[in-house]
Amino acid sequence: MGDQDFPLERSWYIGNAIFAILYGIELCMFFMSAYFLSTSPKADKSRYIYIAYSATLLVLITIALSCNQFFGQMMWIEHRDVDGGPAAYFGANIAAWYNTFGTAADVTANSLGDALMLYRCYVFYSSTTLWAVAFPALLFLASTSMGIVMTIQSGLPGGDIFHGTAVNFGIPWLVLTITFNVITTSMIAFRLFNVSRSMRNVLSKERADVYIGVIAILVESALPFTVLGIGYLVTYVRGDPESLAFADVWGCFVSLSPQAIILRVAMGSAWDKKTVTQYGTGTGTAVVFTSNGMSKNQSQGTPLQTFGKSESMAGSGSRIFAVSSKGSNFVDDV
């Protein structure tokens, strides 16, 4: 038999393999985040919230991966001789408790990731108007509700996340959560581009890239998660077997994307309310790097200092903006 006889099995196998690779990246990012946050010189209790948040995401994604692997073992090893083969076993047992448990873990991780994106929008727009996050907040509540109902429906006897009643809630859930991420991604990217214009002429290229580089924009706005979500939605609606691979990869990114943001927070590279307010409200603030708060000629890029345009670069009235160039610094209010 050719490979074309097993599109479902091939898709799920590839998805699980990529999932396992991404899980390794998730582990590394979690331990890096926990290390940077726990060794931060700042005695800020909020850093422990980020550690707990990251640990929760890791536990949820571990559950999802374990359930996928166990289902694969049951399908390809323990019951490979059932009538119709592994694909038939997959269809007959897709509502099994362990598969539903994995789905619930992924949906929960997705809700936590969306909650972080909503908070990031709040960080970027709190200095202008809170009404900007009202619509994303409604989308977040709607997508979370649909995700819960879809998970319940897929776990009922005879339920199937890819067919039947569960699809009636699964499609709206995907549409809502992807729309939410498209909107929040666009809002954050727009704010990043807008704010960065006031920084291009006052930061060195090396340090400016931390804030306005392409990688910063992609990580902060969780663009990879949004793009993968669109791919998953298209294949899911069409009923293509490839939706299984997209489901696995996208299911890992529901944890990987917010973890990437947490890592940037831990390394002191993410935008916070202070940064946005300082550089995004047109107050005419300039930024230079100095080794000890002295003149520009002595700049060596250690602490980050801010000066109003009316102030002298070497003046004693300089204001320290507490973001260290060292990776282990933790930024407040992120």
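The values are calculated or read from the model by the stated rules, or taken from the named source; none is laboratory data. Quantities reported herein were computed from a predicted structural model and do not represent experimental measurements. FYI the Cβ positions are ideal-geometry reconstructions off the backbone, even for glycines, and counts take in every protein chain you see.
Below is a table of values for the structure above.
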| quantity | calculated |
| --- | --- |
| Which numbered condition R80 misses (of (1) touching a Pro at 6+ places or on another chain (Cβ under 7 Å); (2) in contact (Cβ under 8 Å) with a residue 60 or more places away in the chain) | (2) |
| The one condition in (1) buried (at least 19 other Cβ atoms within 10 Å of the Cβ); (2) of a type in the set (A, V, I, L, M); (3) at pLDDT below 90; (4) touching a helix residue (DSSP H, G or I) at 6+ places or on another chain (Cβ under 7 Å) that L203 fails to fulfil | (4) |
| Which listed residue, of F71, F36, is closer than 20 Å to G251 by Cα and in a helix (DSSP H, G or I) | F71 |
| Enumeration of residues in segment 238-259 that are in contact (Cβ under 8 Å) with a residue 24 or more places away in the chain and either in contact with a His (Cβ under 8 Å, 6 or more places away or on another chain) or within 17 Å of P7 (Cβ to Cβ) (or both) | G239, P241, E242, S243, L244, A245, F246, A247, D248, V249 |
| Boolean, G15 is touching a His at 6+ places or on another chain (Cβ under 9 Å) and either within 27 Å of F169 (Cβ to Cβ) or loosely packed, with under 14 Cβ neighbours inside 10 Å (or both) | no |
